[in-house]
Amino acid sequence: MPGTFKTEGVVLRSIRFGEADRVLHLYTEERGRVGAIAKGVRRVRSRFGGRLEPFFRVRLLLHEGRGDLCTVTSVETVHAHPALRMRRPALELATQACEAVLRLFDSEEQNRPAYNLLCQELALLDRDPEAATRAQGLAFRMKLLLAAGFVPELATCAGCGEHESAGLFSPSAGGVVCSACEAGAFPLEQPAHEFLVAALAQPLVEAPRASELALRQADRAIVETLEHHANVRLRRAV
């Protein structure tokens, strides 16, 4: 039913529309993915200022009409994350984080763990220049898979459930597999396996370290798991 509602959200993407408007992809605390239009936002004297750019965490007053897009009527900044915009590694990881949320969560359905995780990631990249590493970006993605319900099986064989893995990962099976279930699997050696396990267990601020080979294998496991089970294609982490 049409009406006005308040919510907090993160701007995932902002697209120019018409002469002065922007169409926004938002991920909100209470409603999941929301599409909105900010009318006149590109005018010099817009009341919204620059508060509706990607990575901004904001409080919004939205009007929900009969169309697909809500209309932004009021916005207040919670966190602008200005520092991450000044550092290329942090900017790239923030872009990847927002893109992953945009592609993986495409419904108007509340998922507070996913929302809180995104807010934590952006805040971390903003305050700590040393946090912007490939390992940290992959740790975020693993936790995002958990929030979305697509975390791979890492304890026992995802194929038969009875044996330990043989250093192999099967995207179609959804996790590590034994030698008897290895069809379509690729190598996931112990360092990569340990990285994935630690990425789930440790806070974002304590992202585990790993070799480049281990990170490449972990990255492939994450990307191909999403391809098979969520029909989502993410770029490889930088």
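Read-outs throughout are calculated quantities, based only on the coordinates presented, and are distinct from any laboratory measurement. As the structure is a prediction and not an experimental result, all values here were calculated from the model. Please note: Cβ atoms are built from the backbone with ideal geometry, for glycine as well, and neighbour counts cover all protein chains shown.
Dipole of region 183-238 computed with +1 at Lys/Arg Cβ and -1 at Asp/Glu Cβ about the Cα centre; of ASN231, ALA210, LEU196, farthest Cα towards the positive end is ASN231. Checking every one of the GluC sites (Glu not before Pro) in region 1-102 against DSSP loop status and a limit of 14 other Cβ atoms within 10 Å picks out GLU19, GLU30. In whole Å, what is the distance between the alpha-carbon centres of region 198-221 and region 29-105? What the calculation gives is 29 Å, centre to centre. Per-residue ellipticity at 222 nm computed for the chain from its helices equals -11000 deg cm²/dmol, with DSSP H segments shorter than 4 residues left out and the rest contributing -39,500 (n - 2.57).
Scanning the chain for trypsin sites (Lys or Arg not before Pro) that sit in a DSSP loop and have at most 13 other Cβ atoms within 10 Å, the longest stretch containing none of them is 67-208. Ordering MET86, MET142 from the fewest to the most neighbouring beta carbons within 10 Å gives MET86, MET142. Counting neighbouring Cβ atoms within 10 Å and putting the fewest first, the residues SER179, SER170 line up as SER179, SER170.
Among the GluC sites (Glu not before Pro) in region 133-201, those located in a DSSP loop and surrounded by at most 12 other Cβ atoms within 10 Å of their own Cβ are GLU162, GLU164. Among ALA148, ALA199, ALA100, the residue with the largest mean-square fluctuation in a Gaussian network model of the chain, with springs joining Cα atoms closer than 10 Å, is ALA148.
Multiplying the residue separation of THR133 and GLU164 by 0.36 nm and subtracting their alpha-carbon distance yields 8.1 nm. Considering the chain as a Gaussian network with a 10 Å cut-off on Cα pairs, which listed residue, ALA90, ALA20, ALA36, attains the greatest mean-square fluctuation? Looking only at ALA90, ALA20, ALA36, the largest GNM fluctuation is found for ALA20.
The dipole here belongs to the chain: it is taken about the Cα centre, uses +1 on the Cβ of Lys and Arg and -1 on the Cβ of Asp and Glu, and is about 1440 debye. Let me know the shape class of region 1-124, please: from the alpha-carbon gyration tensor, a ≥ b ≥ c as square roots of the eigenvalues, rounded when a/c is under 1.5, otherwise prolate if a/b is greater than b/c, or oblate. Cα axes put region 1-124 in the oblate bin. Go ahead and set up a Gaussian network model of the chain, Cα springs under 10 Å, then flag whichever of ALA201, ALA214, ALA114 fluctuates most. Top of the fluctuation ranking is ALA201.
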